[in-house]
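Quick notes on the structure that follows.
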Amino acid sequence: MEKTALGHTLMITGSPVHNSRRELIQIVINIRDLSEVAELRQELMKTQELVADFEKTVIKKTIAECGSTHKGAKALGISPSTLFRKLKE
């Protein structure tokens, strides 16, 4: 991985090409700009955090409305263990 002066992250690979006598005749270079992939990965992580926060809000509100965690889990259609796991995350 290489960083450019403009902040792009590049992955540079090379593959040898041989002739029938197994002599190296050229190297094919491939350069991939991974900057967009890194940005998308960060956006995905932020979105996952927002979803987890929203789930916690819904779970807490449902528990309050139902009066217990077991009734809340049932109302949400999830097991109590899943409810507790989502609250810990």
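Rule-based calculations on the coordinates, nothing more; no lab input. Since the structure is predicted, the reported quantities are computational estimates derived from the model, not experimental observations. A quick note on method: Cβ atoms are made from the backbone with ideal geometry, for glycine too, and the neighbour counts reach across all protein chains shown.
Take the Kirkwood radius over Cα pairs of the chain, plug it into Stokes-Einstein at 20 °C and 1.002 mPa s, and you get 122 µm²/s for translational diffusion. Dividing the convex hull volume of the alpha carbon atoms of region 40-89 by its residue count gives 64 Å³ per residue. Stretched out straight at 0.36 nm per residue, the stretch from His70 to Leu44 would grow longer than its current Cα-Cα span by 6.2 nm. Look at Ser35, Ser81, Ser20 and count the other Cβ atoms within 10 Å of each Cβ; fewest to most, that gives Ser20, Ser81, Ser35.
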